[in-house]
Amino acid sequence: MSLPIYVKIVEVGARDGLQNEPTLVPIEIKIALVEKLVEAGLSVVEVGSFVSPKWVPQMTGSSEVYTSIPKHEGVSYPMLVPNAKGMAEALAAGVKDIAIFAAASETFTQKNINCSISESLERFQVVMEQAKAHEVRVRGYVSCVLGCPYEGDIAVSKVVEVASALYHMGCYEISLGDTIGVGTPLKAQRMIDAVTQQIPIEHLAAHFHDTYGQGLANLLAVMQLGISVIDSSIAGLGGCPYAKGASGNVATEDVLYMLNGMGIETGVDLTQLLLASRYIADYLGRSPASKVARALMP
Ligand code: HMG
Ligand code: MG
């Protein structure tokens with residue numbers, strides 16, 4: 001069994017988490033949350049998205065959040081961009097890192113971004129050209145890699161096809177999303193095995209939701225294959241507004257506790273992280289969806 005010495009945690013709570021809250025979280029709360037996450041030592045903190053405010057009102061004001069947060073050396077603050085209009089807003093805000101987001105399911109793609117998979121890839125190509133011209137780094141997401149809320153099982157070959165398209169377009173990292181958390185460890189390993197036939201493992205990330213309590217088990221399984229980038233969400237916030245039943249991403253506190261216990265470096269401090277967790281959980285008026293946070297901050 002080989003495991004990474006260091007894992008990069010990509011914190012997605014301020015975006016993937018807050019995009020799914022029933023109420024709109026004020027800009028100043030989002031700014032303070034991002035600051036607390038950076039203080040905890042996270043080096044990649046997703047901040048928001050440039051999507052339609054009619055589709056995802058929770059992400060309204062993302063430009064102001066991005067421009068207001070102090071930018072720390074060595075920290076990146078990616079923003080989600082679905083199309084050329086979103087990219088124009090990202091460039092106007094001076095964004096240096098973006099994420100484009102595709103899916104391995106046709107139906108999910110239609111529900112999420114109102115186009116087919118092939119149309120989405122054409123749109124992302126336009127975004128990518130803009131990004132290259134302005135030296136913006138681009139991460140790529142593939143949703144529904146272990147199942148779709150509309151289509152059920154998804155062929156691994158489709159995951160490989162969409163992930164490869166994003167990688168060959170120029171994404172530095174491909175984040176493989178189990179959007180509705182239906183995956184189990186061996187299935188997750190088989191999917192990673194297939195994708196690594198086309199993309200080197202160091203360019204892949206695991207973005208697992210914890211809907212069925214499989215998040216940590218799935219992460220351990222793919223770390224054994226060499227995955228060393230993990231997306232997670234503070235307080236286990238989140239889900240996707242276009243994936244009914246998707247609960248939060250695996251909680252950052254739980255991932256960190258597991259990695260600490262295994263002696264794997266992350267650069268993140270658990271005590272500081274718990275302060276960020278408490279901050280957003282208090283604001284939302286509920287306890288964090290993290291067993292570690294609940295055990296350590298009763
Ligand atoms: P559309 O309606 O097809 O776009 O939406 P359109 O080009 O036909 O334009 C219609 C209107 O939207 C126009 O405005 C445009 O200006 C406006 P109007 O003339 O009616 O006033 N518009 C925009 N406004 C702001 N920003 C934009 C933008 N583009 C067009 N970028 C669109 C297409 C993609 C915009 C829409 O479907 C959308 O915003 N979808 C939301 C997608 C989303 O944010 N989903 C959640 C994130 S993905 C996720 O969570 C999964 C992930 O975590 C991984 C995993 O877990 O699997 C990443
Ligand atoms: Mg997600």
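The values are calculated or read from the model by the stated rules, or taken from the named source; none is laboratory data. Keep in mind that what you see is a predicted model, and the values were worked out from it rather than measured. Positions of Cβ are generated from backbone atoms using ideal geometry, with glycine treated the same way; all protein chains shown enter the neighbour counts. When the accessible area is computed, the model is the full protein with side chains, heavy atoms only, and any ligands, DNA or RNA have been set aside. Shrake-Rupley method; radii C 1.70, N 1.55, O 1.52, S 1.80 Å.
With the cut-off at 1.5 for a/c, could you classify the chain from its C-alpha gyration tensor as rounded, prolate or oblate?
rounded
Counting heavy atoms of the protein chains only and a 1.4 Å probe, report the per residue accessible area for the chain as a whole number of Å².
40
With each label point set 7 Å from Cα along the Cα-Cβ vector, what nm distance links GLU64 and SER287?
About 3.5 nm, to one decimal.
Only Lys, Arg, Asp and Glu count, each charged at its Cβ (+1, +1, -1, -1), so figure out the dipole size of the chain about its Cα centre, rounded to 20 debye.
Values: 21 positive and 30 negative charges, 71 e Å.
Roughly 340 debye for the chain.
For the range 164-249, count the residues as N, evaluate 2.2 N^0.38 Å, and divide the Cα radius of gyration by that value, please.
On the way: Rg = 12.6 Å, N = 86, 2.2 N^0.38 = 12.0 Å.
Normalised Rg, Cα atoms only: 1.05.
In the chain, what percent of the accessible surface is made up of carbon and sulfur (1.4 Å probe, ligands and nucleic acids excluded)?
53
Using a simple charge model, +1 on the beta-carbon of Lys and Arg, -1 on the beta-carbon of Asp and Glu, nothing else, what dipole does the range 113-237 show about its Cα centre, in debye to the nearest 20?
The calculation lands at about 100 debye.
Based on the alpha-carbon gyration tensor of the range 65-121 and its eigenvalue square roots a ≥ b ≥ c, which shape applies: rounded if a/c is under 1.5, prolate if not and a/b is larger than b/c, or oblate?
prolate
For the residue pair TYR172 and TYR6, what label-to-label distance in nm results when each label sits 7 Å from Cα along the Cα-to-beta-carbon direction?
Label at TYR172, label at TYR6, 1.4 nm between them.
In whole Hz and in residue order, list the ³J(HN,Hα) couplings for the range 9-22 that follow from phi through the Karplus curve 6.51 cos²θ - 1.76 cosθ + 1.60, θ = phi - 60°; x for Gly and Pro.
9, 9, 8, 10, x, 5, 9, 4, x, 6, 5, 10, 6, x
Which of the lysines could a cross-linker span from LYS291 if the Cα-Cα distance has to be under 21 Å and same-chain partners fewer than 8 positions apart are dropped?
LYS36
Which order do the peptides 34-41, 64-71, 151-158, 77-84 take when ranked by the mean count of other beta-carbon atoms within 10 Å per residue, highest first?
Descending mean neighbour count gives 77-84, 34-41, 64-71, 151-158.
Which one, THR109, THR23, ALA221, projects farthest toward the positive side of the charge dipole computed for the chain from Cβ point charges (K/R +1, D/E -1)?
Projecting each Cα onto the dipole axis, the largest value belongs to THR23.
Express in nm, to one decimal, how much length is gained between TYR212 and SER43 on full extension, taking 0.36 nm for each residue of separation and deducting their alpha carbon distance.
58.0 nm
Order HIS134, HIS168, HIS72, most accessible first, counting only protein heavy atoms with a 1.4 angstrom probe.
On the way: HIS134 100, HIS168 135, HIS72 75 Å².
Sorted by accessible area, descending: HIS168, HIS134, HIS72.
Give LYS54/LYS85; LYS71/LYS96; LYS158/LYS187; LYS30/LYS111 a once-over and call out the pairs whose C-alpha atoms are over 18 Å from each other. Display every interim value, and only then the final one.
Numbers: LYS54/LYS85 14 Å; LYS71/LYS96 11 Å; LYS158/LYS187 15 Å; LYS30/LYS111 26 Å.
From the list (LYS54/LYS85; LYS71/LYS96; LYS158/LYS187; LYS30/LYS111), the Cα-Cα distance tops 18 Å for LYS30/LYS111.
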